[in-house]
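Remarks on the structure that follows.
The values are calculated or read from the model by the stated rules, or taken from the named source; none is laboratory data. Computed from a predicted structure; not experimentally measured. A quick note on method: Cβ atoms are made from the backbone with ideal geometry, for glycine too, and the neighbour counts reach across all protein chains shown.
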Amino acid sequence: MIQQVEYDLEDIEKFLEITKISKANEYSQTLKKLLNVQSKISIIADIDPAELKVIIEKLKFVSVPFKEFIIKEGDISQEIFFVLSGEFHVFSNNKKVGVIAAGQTFGETAAVFNTKRNASVVCASKVATVLSFCINHENIDFCAPALAKLYKNLALQINTKLEEVNSQLIKK
């Protein structure tokens, strides 16, 4: 039988405060790690670190095991992923259409255009590590130049991917 414990409001408030501090510290550590590798991530390399802190949110490092889907076609999500290690396979309409390796970004199209995911992405390595984040659009007035750089970088990347797909279609 589970024993029910009653907490007073003060105990609950203390617990919630500790949880907030813990999550803030965890996010701060993750942000420090991001800033250490920022120059290696093309879409954010040229953004001022102080502004970068303001325009990204939900930043986390994620380990993805073999055969786990990180994105499913048709889902709605605003996450952008940068592959730190490992490899992913991309499927559209249950057909393999691409490979994503370390140093590449994916998920940016749905984040930029606020659309459903146009492909599924599954881990093809024993384990892969990605950096996941979302764009904080609410700070547009404060960080418009940084957001403009980020969107320009994302647009260039999306264009590069489209050119690769078009060149593959022409070869067929």
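Mind checking whether some residue in the stretch 55-67 is at pLDDT below 85 and in a helix (DSSP H, G or I)?
Among the residues of the stretch 55-67, at least one is at pLDDT below 85 and in a helix (DSSP H, G or I), which makes the answer yes.
Within the stretch 105-128, how many residues turn out to be touching a Leu at 6+ places or on another chain (Cβ under 9 Å), within 19 Å of Ala45 (Cα to Cα) and either modelled with pLDDT of 90 or more or of a type in the set (A, V, I, L, M, F, W, C) (or both)?
2
I need the full set of residues from the stretch 119-161 which are among the small types (Gly, Ala, Ser) and not in a helix (DSSP H, G or I), in order please. Talk me through it step by step, then tell me what you get.
Our first condition is that a residue be among the small types (Gly, Ala, Ser); within the stretch 119-161, this holds for 119-120, 124-125, 128, 132, 144, 146, 148, 155.
Of everything in the stretch 119-161, those that are among the small types (Gly, Ala, Ser) and not in a helix (DSSP H, G or I) turn out to be Ala119, Ser120, Ala124, Ser125, Ala128, Ser132.
With respect to Ala102, determine if the residue is touching a Ser or Thr at 6+ places or on another chain (Cβ under 8 Å) and at negative phi. Lay out the reasoning, then the answer.
On the way: touching a Ser or Thr at 6+ places or on another chain (Cβ under 8 Å): yes; at negative phi: yes.
Against the criterion (touching a Ser or Thr at 6+ places or on another chain (Cβ under 8 Å) and at negative phi), Ala102 qualifies.
Within the set of pairs 6+ apart or on separate chains, which have a first residue in the stretch 94-106 that is among the acidic types (Asp, Glu), a second that is part of a strand (DSSP E or B), and C-beta atoms under 8 Å apart?
So the pair list comes out empty.
Please go through the stretch 82-104 and pick out each residue that is touching a Leu at 6+ places or on another chain (Cβ under 7 Å) and either of a type in the set (Ser, Thr, Tyr) or assigned to a strand (DSSP E or B) (or both).
Within the stretch 82-104, the subset touching a Leu at 6+ places or on another chain (Cβ under 7 Å) is 82, 84, 102.
Passing the criteria: Phe82, Leu84.
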